[in-house]
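Structure record follows, encoded as structure tokens.
The values are calculated or read from the model by the stated rules, or taken from the named source; none is laboratory data. Because the structure is a prediction, the values reported are computed rather than measured. Positions of Cβ are generated from backbone atoms using ideal geometry, with glycine treated the same way; all protein chains shown enter the neighbour counts. We work out accessible area using only protein heavy atoms, side chains counted, and drop any ligands, DNA or RNA first. Shrake-Rupley method; radii C 1.70, N 1.55, O 1.52, S 1.80 Å.
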Amino acid sequence: MREWFEYAIVRGVMAIFGALPRSAARGLGAGVAALLYRVLGRLRGVGERNLALAFPEMSGAERDRILREEFRSLGWQLAEFPRMSKLTRESAETFIRYEGLENYLAARDKGRGVFVLTAHLGAWELSSFFHSLMGYPMSMVIRRLDNPLVDGLVNGVRSMHGNRVLHKDDFARGLLTAMHRGETVGILMDTNMTPPQGLFVPFFGVDACTASGLARVALRTNAAVLPGFLLWESSEQRYVLHFGEELELVRTGVNEKDVLANTALFTATLESWIRRYPGQWLWVHRRWKTRPEGGEKIYR
């Protein structure tokens with residue numbers, strides 16, 4: 001009964017946002033986010049702690065501004081997701097454009113498979129959906145939602161135009177198969193991990209336990225890895241799907257050393273993009289929860 005109740009709530013919320021004009025839906029989403037910013041004190045505290053770690057030189061007022069922008073960005077995603085199933089190429093192109101698509105196409109045309117290195121930055125759900133809508137379907141490594149009914153609903157939208165979902169609890173074989181077929185897989189690589197799957201590499205100057213699977217598979221398959229993010233450009237009042245240049249992997253021939261070096265490279269790449277768009281990253285995630293042995297806890 002609880003699962004059906006949660007499912008009904010999600011369907012209701014999607015129906016409300018989906019029925020509104022886009023500008024009204026985004027305004028409502030921003031309003032809901034502003035309310036949550038006020039009432040979710042514990043979550044806000046995580047964001048404040050993370051921002052203090054990442055930007056110790058920044059004033060409290062500036063960190064507060066970034067955190068408010070993050071909540072607004074999440075509110076906009078709340079508004080965009082229920083409307084995605086109605087999008088056409090023409091309607092999507094009125095508020096989304098590409099930058100660096102040639103980088104993606106060059107990597108894809110090598111035929112070795114492509115990993116899109118990405119994060120919970122900008123409009124990540126809309127990103128892969130738009131890319132598939134424009135004729136470039138991909139697979140996405142996603143954690144299963146706790147409610148299977150909601151999980152099915154969300155994945156149905158994600159997969160409307162050929163995208164495939166690879167669940168984190170059974171994705172290693174899927175990644176290898178996809179690369180051997182020359183396919184594209186998007187990897188969200190900015191969440192806290194635990195050993196042995198995670199390795200400690202610097203992230204904003206603080207060791208963060210980070211998934212090493214992307215580095216391992218990329219080294220094994222010789223697949224291309226390049227960053228990709230759908231980010232809100234306030235100067236244009238629209239989203240831009242950025243694809244950076246293919247990353248040059250470290251290959252010394254010592255496997256574990258190379259895995260660590262490339263995991264650090266990928267993390268540094270994510271950090272560089274987050275620094276450019278700090279108000280669009282998920283600061284409320286406990287990114288530094290796992291600590292090295294003997295390390296001091298960061299969160300209470």
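Data overview
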| quantity | calculated |
| --- | --- |
| Ala34 vs. criteria without any contact (Cβ under 8 Å) to a residue 24 or more places away in the chain, within 15 Å of Gln77 (Cα to Cα) and of a type in the set (A, V, I, L, M, F, W, C) | no |
| Which numbered condition Thr118 misses (of (1) over 17 Å from the mean Cα position of the chain (by Cα); (2) open to solvent by 10 Å² or more (accessible area, probe 1.4 Å)) | (1) |
| Filtered residues of the stretch 50-62 (kept if surrounded by fewer than 20 Cβ atoms within 10 Å (Cβ to Cβ) and assigned to a helix (DSSP H, G or I)) | Ala52, Leu53, Gly60, Ala61, Glu62 |
| Residues being over 30 Å from Phe55 (Cα atoms), open to solvent by less than 30 Å² (accessible area, probe 1.4 Å) and of a type in the set (Val, Ile, Thr) - total across the stretch 177-207 | 2 |
| Counted residues, the stretch 22-49 - those being in a helix (DSSP H, G or I), closer than 13 Å to Glu70 by Cβ and open to solvent by 60 Å² or more (accessible area, probe 1.4 Å) | 3 |
| Filter pass, Tyr7 being among the hydroxyl-bearing types (Ser, Thr, Tyr) and either buried (at least 20 other Cβ atoms within 10 Å of the Cβ) or under 30 Å from Ala223 (Cβ atoms) (or both) | no |
| Residue match in the stretch 65-88 (condition: within 25 Å of Phe229 (Cα to Cα), outside any helix (DSSP H, G or I) and out of contact with any Phe, Trp or Tyr (no Cβ under 6 Å at 6 or more places or on another chain)) | yes |
| Which numbered condition Pro227 misses (of (1) of a type outside the set (Gly, Ala, Ser); (2) crowded, with 22+ Cβ neighbours inside 10 Å; (3) out of contact with any helix residue (DSSP H, G or I) (no Cβ under 9 Å at 6 or more places or on another chain)) | (3) |
| Cross-chain or 6+ apart pairs with Cβ under 6 Å, the stretch 226-248 first and closer than 18 Å to Met134 by Cβ, then open to solvent by 10 Å² or more (accessible area, probe 1.4 Å) and among the acidic types (Asp, Glu) | Leu226/Glu246; Val240/Glu99; Val240/Glu233; His242/Glu99 |
| Matching residues, the stretch 139-167, being open to solvent by 30 Å² or more (accessible area, probe 1.4 Å), over 16 Å from Phe129 (Cβ atoms) and without any contact (Cβ under 8 Å) to a residue 24 or more places away in the chain | Leu145, Asp146, Gly152 |
| Among (1) of a type in the set (S, T, N, Q); (2) under 30 Å from Ala8 (Cβ atoms); (3) in contact (Cβ under 8 Å) with a residue 40 or more places away in the chain - the single one Asn192 does not satisfy | (2) |
| Boolean, Phe81 is without any contact (Cβ under 8 Å) to a residue 40 or more places away in the chain, closer than 18 Å to Ala123 by Cβ and surrounded by 15 or more Cβ atoms within 10 Å (Cβ to Cβ) | no |
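Table: residues versus (1) without any contact (Cβ under 8 Å) to a residue 60 or more places away in the chain; (2) in a loop (DSSP other than H, G, I, E, B); (3) surrounded by fewer than 19 Cβ atoms within 10 Å (Cβ to Cβ); (4) not polar (S, T, N, Q).
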site: Leu175; (1), (2), (3), (4): yes, no, no, yes
site: Leu219; (1), (2), (3), (4): yes, no, yes, yes
site: Asn262; (1), (2), (3), (4): yes, no, no, no
site: Ser272; (1), (2), (3), (4): yes, no, yes, no
